[in-house]
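Shown next, in structure tokens, is the structure this report addresses.
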Amino acid sequence: MTARTAERTQFLSSLLSCAIESGLDKWAEVHEYRCGGLDTTTGPTATIHETVSDWSNMAARGRGSGRGTVARYEVGHELDIDIVARGIRLIASGRVKYTNPEYPADRDTEAVRGHARLRCQNSSNGADCEFGGYDAADADAIVQAGLFDELKYR
């Protein structure tokens, strides 16, 4: 585990909680959420499973008839603040391309402005930045980048 300041742990924990509570519900199901309690060094953790709502995609992969509702993949993931730290670092560095149209700074023609906003958030541990804050869509993208090295679900 990486040594972090309490401020850094709180910032990463807030991002992870935001993703778990309202960001990743379009592509994952939370099976267990552990808030971390009094332990301020580890932050919250969760067990999630990727979900699929496109049954034609499931049928193409040989997983069902192509009819029905949401099915769960066999793949599970453990989320923690290390995943969040990795994800925000990948987006802030520009290695994973991401913009959020809810923020005016991200609407520029180059994705680098989105990276500037999250780079500012990353370096200031969530303090106010000239480019704006973060929301559930950002938290979701950060978790995806940390897990998959890409934005797998848009």
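Here are a few things to note about the model shown:
- Accessible area of TYR153 in the full protein assembly, 1.4 Å probe (Å², nearest 10): 60 Å²
- Accessible surface of GLU78 - all protein chains present, 1.4 Å probe, nearest 10 Å²: 110 Å²
- At R0 = 25 Å, FRET efficiency that the Cβ-Cβ distance of GLU21 and ASP149 yields, to 0.05: 0.55
- Förster radius 22 Å - calculated FRET efficiency between CYS35 and ALA127 (Cβ-Cβ, nearest 0.05): 0.40
- Protein-only accessible surface at a 1.4 angstrom probe places the residues LYS26, LYS152 in the order LYS26, LYS152, largest first.
- With all protein chains modelled, accessible area of THR9 [1.4 Å, Å²]: 10 Å²
The values are calculated or read from the model by the stated rules, or taken from the named source; none is laboratory data. Quick caveat: nothing in here was measured; it's all calculated off a predicted structure. As a convention, Cβ positions derive from the backbone with ideal geometry for all residues, glycine included, and neighbour counts pool all protein chains shown. Note: accessible area is taken over every heavy atom of the protein model, side chains too, but ligands, DNA and RNA are not part of it. Shrake-Rupley method; radii C 1.70, N 1.55, O 1.52, S 1.80 Å.
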